[in-house]
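Here's the structure we're looking at; comments come further down.
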Amino acid sequence: MTDDVPKIDTTVPHSARIWNYWLGGRDNYEIDRVVGERYQSTFPGVVDLARASRAFLVRSIRYMAETAGVRQFIDIGTGLPTAENTHEVAQNVAPDTRVLYVDNDPLVLAHARALLISGPEGSTEYLQADVREPERILARAAEVTDPYRPVGLILSGVMGHVAPYAEARSAVRRLLDGLPAGSYLSLNDGVTGDAAYTEAQRDYNATGAAPYWLREPEEIEGFFDGLQLVPPGVVACSRWRPGRRSPAAGPEVAVYGGVGRKP
């Protein structure tokens, strides 16, 4: 890709950089740390939430690669690179795995191109696009993946950026409609129910950063309509198949996720 990287505005907080800060990364600026800390002062559980979301993502990728045998992934809303990125987890299981990273922020993709380097047997590709552009994403995916083999579609903390629920549902459905049978969806997003979380998110949305809207748990489940849910279904991310490495599921977090298979 030849997209020019825009000038970084360090006066406006950036959701990917704030998330990176909460996860202990270094790709953030003072404004991100200030907003992140203010958010955390209102909702101290946000760091646990961020870590639970990331851990769910890793476990879901491992499930799709190890148990389901998925060898190609589309990760939309990539975010800034951190530990155990999609291709790293999947290629640790199967070195020939292909991954298409998609984000609407060229700054994020500039980091991705520099840091998310595939092993020699597999591949990583990058596309600047919005989740609201399913047909464009699918067209690129058809160029870099086998259109006849199952795909693992990853939507981690991204659908909350699409405010109208009907529009978000439509985008997910159109993406799934373009994937072959046997493909999987891994999706997680923040949910309502915690007053402090709701207040912190409302304050965050007023900062000028790209707003993010919390969903009802039932709305997260709705993204999986028509799919065969992998047990235990759509639950708090900390409760989704914690496995031997995390025998204690950890605190209930206000982010729900699940994995579903397209029949």
Taking 0.36 nm per residue of separation between Asp9 and Glu84 and subtracting their Cα-Cα distance, the length gained on full extension comes to 24.2 nm
The simple spin-label model distance between Gln128 and Val47, using points 7 Å out along Cα→Cβ, in nm, is 3.5 nm
Of all DSSP beta bridges with both partners in the stretch 124-263, the antiparallel percent, nearest 5, is 65 percent
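Please identify every one of the chymotrypsin sites (Phe, Trp or Tyr not before Pro) in the stretch 99-198 that sits in a loop by DSSP and has no more than 16 other beta carbons within 10 Å of its own beta carbon.
On the way: sites: Tyr101, Tyr126, Tyr148, Tyr165, Tyr184, Tyr197; in loops: Tyr148.
Qualifying residues, ordered by number: Tyr148.
Looking at the chain, what % of its DSSP beta bridges pair antiparallel, to the nearest 5? Intermediate values should be presented prior to the final figure.
Details: 11 of 32 bridges.
Around 35 percent antiparallel, to the nearest 5.
How high is the FRET efficiency from Arg33 to Ala196, r the C-beta distance, R0 25 Å, rounded to 0.05? Intermediate results must be reported in sequence, preceding the final value.
Details: r = 20 Å, r/R0 = 0.79.
Plugging the Cβ-Cβ distance into 1/(1 + (r/R0)^6) gives 0.80.
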Heavy-atom accessible area per residue of the stretch 97-154, all protein chains kept, 1.4 Å probe, expressed in Å², is 44 Å²
Placing each pseudo-label 7 Å from Cα in the direction of the beta carbon, Val58 and Arg149 end up separated by a distance in nanometres of 2.5 nm
Taking every other residue with Cβ under 15 Å from the Cβ of Thr97 and scoring Lys and Arg +1, Asp and Glu -1, one gets -4
For the stretch 1-94, listing trypsin sites (Lys or Arg not before Pro) in a DSSP loop whose Cβ sees at most 16 other Cβ atoms within 10 Å gives Lys7, Arg26
Taking r as the C-beta separation of Ala210 and Arg26 and R0 as 25 Å, the FRET efficiency to the nearest 0.05 is 0.70
CD proxy, 222 nm, the chain: helix-only mean residue ellipticity via -39,500 (n - 2.57) per DSSP H run with n ≥ 4, per residue, nearest 500, stands at -11000 deg cm²/dmol
In nanometres, the difference between 0.36 nm per residue of separation and the alpha-carbon distance of Glu121 and Ser170 is 14.2 nm
Env charge @ Pro150, Cβ radius under 9 Å, K,R +1 / D,E -1, value +4
In the neighbourhood of Gly25 defined by beta carbon distances under 13 Å, the net charge of the other residues (Lys, Arg +1; Asp, Glu -1) is +2
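The values are calculated or read from the model by the stated rules, or taken from the named source; none is laboratory data. Note that the structure is a prediction, hence the values are computed from the model and not measured. As a convention, Cβ positions derive from the backbone with ideal geometry for all residues, glycine included, and neighbour counts pool all protein chains shown. Heavy atoms of the whole protein, side chains included, go into the accessibility calculation; ligands, DNA and RNA do not. Shrake-Rupley method; radii C 1.70, N 1.55, O 1.52, S 1.80 Å.
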